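No value in this document is a laboratory result; all are computed from the given coordinates. Computed from a predicted structure; not experimentally measured. Cβ coordinates were reconstructed from backbone atoms using ideal geometry, including for glycine residues, and neighbour counts include every protein chain displayed.
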Amino acid sequence: MKINKKLINTVAACAIAFGTISCKDDFFDVNENPNNPSVSTPKLSLPVAQQTIAALKGTSENYVGNFFMYNWATPSNWSANQEYARYNITSNFQPGIFESSYGLAFRNLTYIENYTDPTGAVDYSFYKGISKVLKAFQYQKLVDFYGDVPYSEANLRGANTTPKYDKAQDIYAANIKELTDVVAFFDNMPANAQNPGAQDIIFKGDKTKWQQFANSIKLRYLMRLTNTGQNDYIKSEIAKITANGKGFITANASANPGYADAADQQNPFYGYFRKVATGLETDRADYTVATDFIVDFLKSKNDPRLERLYAPAKASGEYKGVQQNTALPGKGFTSNDLSKVGPGLLKSASQDQPLMLLSDVLFLQAEAVYRGFLEGNAETLYNSAITESFKYLAVPDAVVAATTYYSQPSVAYAASSNKIESIITQKYIALNGTDGEETWFEYNRTGYPANLPIPVDAAAAGRTVRPYRLLYPSSEIARNANNVPAQTAETVFSTKIFWQK
């Protein structure tokens, strides 16, 4: 079956729009009746769910994290993003992360899990296994963004519009088990289970890659628990990963339904910053620039990724950033004076959309080895993670350049007196621009990288810490008021996610 690229990219546009769910009703016309295969089947629902998750990953989730982690700022000729610089996080701040996860991704994934072919001719077990993995992937994001969220009653495909909220730690435990079980589920599928092939826009129906992805997501879940006093549990669960023999991902896990430089078909991250066909900048591209902190930090480490993560300023040809502030002087601080998002991130309209970078998984393994949870060589994994980052960003002579970089005393693993700080700081650089939300979550877990500035306006308002979480969106409060946990503006800075340092 040919994938309807226009349909799934229209869904992506809905997923990343600030209004989010305003688009979804038209889409749901194609699968309102989950029992009618003439209207919808897993073949239709799977790529839509995958593209929704990819679109959120490449846009809203990533954007939040890169601002919270002081990678991006706003120039003086724009008034955009003031809520970031002021830490003015309200229930109207990026609601699409919550709404599209439930309204599009989970809705379609649950449909797949519950689907039975009415003719009995097609076994959709492979689709169901993929759905389990993707749910676990997205629930990790939601818990780390919000804490307690709907889980046990949330996936009933519209049957319950007021689901209860489950404890964040219970959702973690449930998904760790799900990720353990799904690896065996794939192995035990019926021989006639239909392979999704091209309908799977992530791994094209490669069972082993889905098992490796499940193991990698599980490792991320487990390493998030290092402050919770569960070391024995973490070690035993990682031992199960080793025992299943599938390993971790060996390449970037990415989605691509056939992105192209055409209307409604661009890679979602690229489309955030570039207009269709012309390649001209969107407004967002003009008001998203480097911070002074990150430019100076990369320069201090002689890091050639600076020229891939950011573009030279149009006015000077130099790499220049600015502090996060809503009251910048105009001269010397306009978008033309500052470095914007660079060519290593904005490759082309058809580029793959990363869901989980190999560098991230290698850093997770390095930390697990260092903490004694996993067998291996932490230094080798650390160096390999840095090398994969150089490769992803297309640094010239990437392997040689990476070796030169990580051999410096200020970067070298062997020379570090704080291995966790080194691992997380290098992860912060490697995930810049692609996985901003993960660097924010890791900062909240570890406190690294150290010495990240607080935005000037936020500091002036008395803020001394970065946000711990987001607030539940106003739309959810309106429809599920009896179940949404109480929150105020201060909740963002006072209520930590259960795993947080």
What do you get when you divide the Cα radius of gyration of the stretch 139-250 by 2.2 N^0.38 Å, with N the number of residues? 1.19
Non-local residues with an amide H under 5 Å from the amide H of ALA73, with H modelled 1.01 Å from N and Pro and chain starts lacking one, are VAL289, ALA290, THR291
Students often check this: by mean Cβ neighbours within 10 Å, which of 477-488, 205-216, 165-176 ranks highest, and how do the rest follow? 205-216, 165-176, 477-488
With contacts defined as alpha carbon pairs under 8 Å and 6 or more residues apart, what's the relative contact order of the stretch 184-339 in percent? 15 percent
Roughly how far apart, in whole Å, are the Cα centres of the stretch 180-223 and the stretch 437-468? 35 Å
Full-extension gain in nm, ASN377 to ALA412, via 0.36 nm per residue minus C-alpha separation: 11.2 nm
So, R0 is 25 Å and r is the distance between the beta-carbons of LYS167 and SER474; what FRET efficiency does that work out to, to 0.05? 0.60
Arranged from highest to lowest average of other beta-carbon atoms within 10 Å per residue, in what order do the peptides 464-473, 114-123 appear? 464-473, 114-123
Rounded to one decimal in nm, the spacing of the 7 Å Cα→Cβ label points at ALA174 and LYS347 is 3.6 nm
Answer with one residue from TYR428, ALA398, ALA255: the one whose Cα lies farthest towards the positive end of the charge dipole of the chain, charges on Cβ with Lys, Arg +1 and Asp, Glu -1. ALA398
Mind listing the long-range amide H neighbours of ALA255? Cut-off is under 5 Å, sequence gap 5 or more, other chains count too, H placed in the peptide plane at 1.01 Å from N. GLN353, LEU355
How long is the gain from SER300 to ALA251 if the chain were fully straight, where each residue apart is worth 0.36 nm and the alpha carbon distance is subtracted? 14.7 nm
³J(HN,Hα), Karplus 6.51/-1.76/1.60, whole Hz, each residue of the stretch 381-389, x for Gly, Pro: 5, 4, 5, 5, 4, 5, 4, 5, 5
Lys and Arg at +1, Asp and Glu at -1: neighbours of GLN351 with Cβ under 13 Å from its Cβ sum to 0
Round to a whole angstrom and tell me the spacing of the C-alpha centers of the stretch 137-155 and the stretch 86-120. 10 Å
HN-Hα couplings for the stretch 336-346 via Karplus (6.51, -1.76, 1.60; θ = phi - 60°), in whole Hz with x for Gly/Pro, come out as 6, 8, 10, 7, 9, 4, x, x, x, 9, 9
Taking the Cα of ALA262, stepping 7 Å toward and past its beta carbon, and measuring to each backbone N in the stretch 340-372: which are under 13 Å? 350
Where the centre of each part is set by its Cα atoms, how far does the stretch 386-406 sit from the stretch 471-486, in angstrom? 45 Å
With each run of n ≥ 4 DSSP H residues scored as -39500 (n - 2.57), what mean residue ellipticity at 222 nm is computed for the chain after dividing by its residue count and rounding to the nearest 500 deg cm²/dmol? -13500 deg cm²/dmol
Amide H to amide H, which residues 5 or more places from ASP166 or on other chains are under 5 Å from it, using H placed in the peptide plane? VAL149, TYR151, SER152
Zone of GLN323 (label point 7 Å along Cα→Cβ, backbone N under 15 Å): which residues in the stretch 59-77? 70, 73-76
Compare the peptides 78-85, 334-341, 419-426 by average per-residue count of other Cβ atoms within 10 angstrom and give them in order, highest first. 334-341, 419-426, 78-85
Work out from phi, with θ = phi - 60° and the Karplus expression 6.51 cos²θ - 1.76 cosθ + 1.60, the ³J(HN,Hα) of each residue of the stretch 257-272, listed in order in whole Hz, and give x for Gly and Pro. x, x, 4, 8, 7, 8, 3, 6, 10, 6, 3, x, 5, 4, x, 5
Regarding the stretch 165-214, what are the three Cα extents along the principal axes, ordered largest first, in Å? 37, 23, 19
When the dipole is taken about the Cα centre of the stretch 290-347, and only Lys, Arg (+1) and Asp, Glu (-1) are charged at their Cβ, what size is it in debye, to the nearest 20? 180 debye
Violations at 29 Å Cα threshold for listed pairs LYS167/LYS204; LYS128/LYS496; LYS246/LYS301; LYS235/LYS496; LYS128/LYS164 -> LYS167/LYS204; LYS128/LYS496; LYS246/LYS301
Can you give me the P(r) profile for the chain? Cα pairs, bins 10 angstrom wide beginning at 0, each as a whole percent. 4, 20, 31, 29, 14, 3, 0
If you put +1 on each Lys and Arg Cβ and -1 on each Asp and Glu Cβ, how big is the dipole of the chain around its Cα centre, in Debye rounded to 20? 260 debye
Computed E for THR282/GLN82 - FRET, C-beta separation, R0 22 angstrom, nearest 0.05: 0.75
The size of the Cβ-based charge dipole (Lys, Arg +1; Asp, Glu -1) of the stretch 73-167 about the Cα centre, to the nearest 20 debye, is 80 debye
